[in-house]
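The values are calculated or read from the model by the stated rules, or taken from the named source; none is laboratory data. Keep in mind that this is a model prediction, so the values were computed, not measured. As a convention, Cβ positions derive from the backbone with ideal geometry for all residues, glycine included, and neighbour counts pool all protein chains shown.
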Amino acid sequence: MKKTFSTGFIYCFFLAVLSFNTSAQEYKYDLNKYYTPDIVRNSLDLNFNSYGNFSNYTNQPTTPGNKKDSTSSSGMSGAIQSTFRTTSNTRKHITDFSLIGNLSGYTSSNKDNRNQNNVKNTGNDASEGINPTYSSTIYNAKNQFIRFGGSIDFFNYNEINTNEYNSNKTKSNYNKLNLNTNISVGIGVGRIEQIEDARQAIYILEALSKKGILTRHLTDEEIFKLSQQVSRVKNKRFLDSRLHLIDEISSIDSFFVTNNLLNKQDATYFTTLNDLWQNGANFARGSGHEFQINLMPIMNINNRKNQTTYFVPDSIYWNKANLNTKGGYVTLSYNYEKAVNLNWQHSAEARLWGSTYLYDQSVSYSTDQLQPSTKSNQSNLILSGKYSLGYYPNTRTSLTAGITQYFQVSYAKNYDSTIFDSKPWQKQFSSTTELNCSAYYYISSQLRLSGTARLRNNYSETPLNNGNTLNGSFNVNLSYSFF
């Protein structure tokens, strides 16, 4: 653990050193004073993934009479994920809606003719899922609010495998269906404003000023008005992205012309404006704080069936399992966002929540084997805290380092259909410490490359043993956004 914390400290120190080496900025505008006008934002992202492999092995014995051995395998997978998001933000009402869809599949084939055997395996699986989420927040003049919403998570998975061994053949089918629904109601005070549009306005002003295009230094009031103009013009949507860009650039140019801020309108001016318009607000920035009490009931239905067909002898065997979950939790949370300056961001979060669940599972078999249904209760008390430091050296790059601490105490009790109170309550405790860092780079305004790395230490105590696990991971992703 000492090594883990030392690594995080060195990384944060490295970022701090970078901040002292950045050049002095001409505009010292306080981003935390900005708030957005009435806006509507939409986005649609598509992610494609494909993977394939094959291999072939042949062995021809030199001894006469021995048969040739061979093995071969191949596989291919593909996945598509689409994400649509829309946000409406006014002084009195914020509405968020997202719809995520997933579709994936995999096919494989394996043959093994070694040792005079004829073994063949083929497999196919497919999955589809859809996840709509809605949230609505209503504010009064003192930034007190009521928030309600909900989500549905539907997932279906089907797998078919065929196995042949000489004259024996079996076919297995596995299907899993999961439906998770929840609604939430909360009250709170405070508000976190999105301030990336104000940061984009500063990027534009600094670049134009350095190139000698502006006639004078803008006041804080003029910067605020330009920032709100940036936010407003992004509301419009065009099917033709070229016409969309022309309209946006023309609106910002009109602000400079109307206020007599330009001493020239040449190619340098328009190319600079175009670049910073497309890349100046790539990263979300926030300002403010929010405290909330939230109540969320949850219902989950999980059904699965596993069936195997034997062709020799002719028979079918299957088993089914149904798991129903009912419960809910209460959450107290606090979120804090502060732009230290134009390039640095503090983010913090603290959360305390308690939950209770009732699990009811039944299993049945084709052989009429009796299996008593099982039930269990579980209650949890969780405390978590998170802090991250973000660094934004330019319009296309962001670096973030953070630490998260998580404590959980759980109490569980099991029942069955024959004995109502068969086992006592069992207590478990876990503690998780995580260091993480991420980096984003926008190749263009629509194409982005991202990477994350994580180091996690988990300690747990159960009635049977105590354990500690240290693990790490990394991920690299390439995404394209249509609008």
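Table for the structure above
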{"quantity": "Members of the range 85-129 found to be surrounded by 15 or more Cβ atoms within 10 Å (Cβ to Cβ), under 18 Å from Asn49 (Cα atoms) and among the hydrophobic types (A, V, I, L, M, F, W, C), listed by number", "calculated": "Ile100"}
{"quantity": "Neighbours by Cβ (under 8 Å, 6+ apart or cross-chain): first from the range 339-358, within 20 Å of Ser388 (Cβ to Cβ) and at pLDDT 95 or above; second exposed (fewer than 15 other Cβ atoms within 10 Å of the Cβ) and among the β-branched types (Val, Ile, Thr)", "calculated": "His346/Val340"}
{"quantity": "Test for Asn414: is it more than 27 Å from Gln81 (Cβ to Cβ), surrounded by 15 or more Cβ atoms within 10 Å (Cβ to Cβ), polar (S, T, N, Q) and modelled with pLDDT of 95 or more", "calculated": "no"}
{"quantity": "Residue match in the range 134-155 (condition: of a type in the set (Val, Ile, Thr), surrounded by 15 or more Cβ atoms within 10 Å (Cβ to Cβ) and either more than 25 Å from the chain's Cα centre (by Cα) or under 30 Å from Thr395 (Cα atoms) (or both))", "calculated": "no"}
{"quantity": "From Ser444, Ser481, Ser398, residue being among the polar types (S, T, N, Q), touching a residue at least 60 places away in the same chain (Cβ under 8 Å), within 30 Å of Asp275 (Cβ to Cβ) and in contact with a helix residue (DSSP H, G or I) (Cβ under 8 Å, 6 or more places away or on another chain)", "calculated": "Ser444"}
{"quantity": "Test for Phe256: is it among the aromatic types (Phe, Trp, Tyr) and either in the same structural domain as Gly190 (by TED's automatic domain parsing) or not in a helix (DSSP H, G or I) (or both)", "calculated": "no"}
{"quantity": "Verdict on Tyr317 being surrounded by fewer than 15 Cβ atoms within 10 Å (Cβ to Cβ), out of contact with any Gly (no Cβ under 7 Å at 6 or more places or on another chain), in contact (Cβ under 8 Å) with a residue 60 or more places away in the chain and among the hydroxyl-bearing types (Ser, Thr, Tyr)", "calculated": "no"}
{"quantity": "Candidates Lys326, Lys264 - the one that is surrounded by fewer than 17 Cβ atoms within 10 Å (Cβ to Cβ), touching a residue at least 24 places away in the same chain (Cβ under 8 Å), assigned to a loop (DSSP other than H, G, I, E, B) and at negative phi", "calculated": "Lys264"}
{"quantity": "Search result, residues across the range 377-407 that are surrounded by fewer than 17 Cβ atoms within 10 Å (Cβ to Cβ) and out of contact with any Lys or Arg (no Cβ under 6 Å at 6 or more places or on another chain)", "calculated": "Ser379, Leu381, Leu383, Gly385, Tyr387, Pro393, Asn394, Thr397, Gln405, Phe407"}
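Yes/no per residue for (1) in contact with a Leu (Cβ under 8 Å, 6 or more places away or on another chain); (2) over 23 Å from Lys225 (Cα atoms); (3) surrounded by fewer than 12 Cβ atoms within 10 Å (Cβ to Cβ); (4) at pLDDT 80 or above:
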| site | (1), (2), (3), (4) |
| --- | --- |
| Phe9 | no, yes, no, no |
| Cys12 | yes, yes, no, no |
| Leu18 | no, yes, no, no |
| Tyr34 | no, no, no, yes |
| Asp38 | no, no, no, yes |
| Leu44 | no, yes, no, yes |
| Asn47 | no, yes, no, yes |
| Ser50 | no, yes, yes, yes |
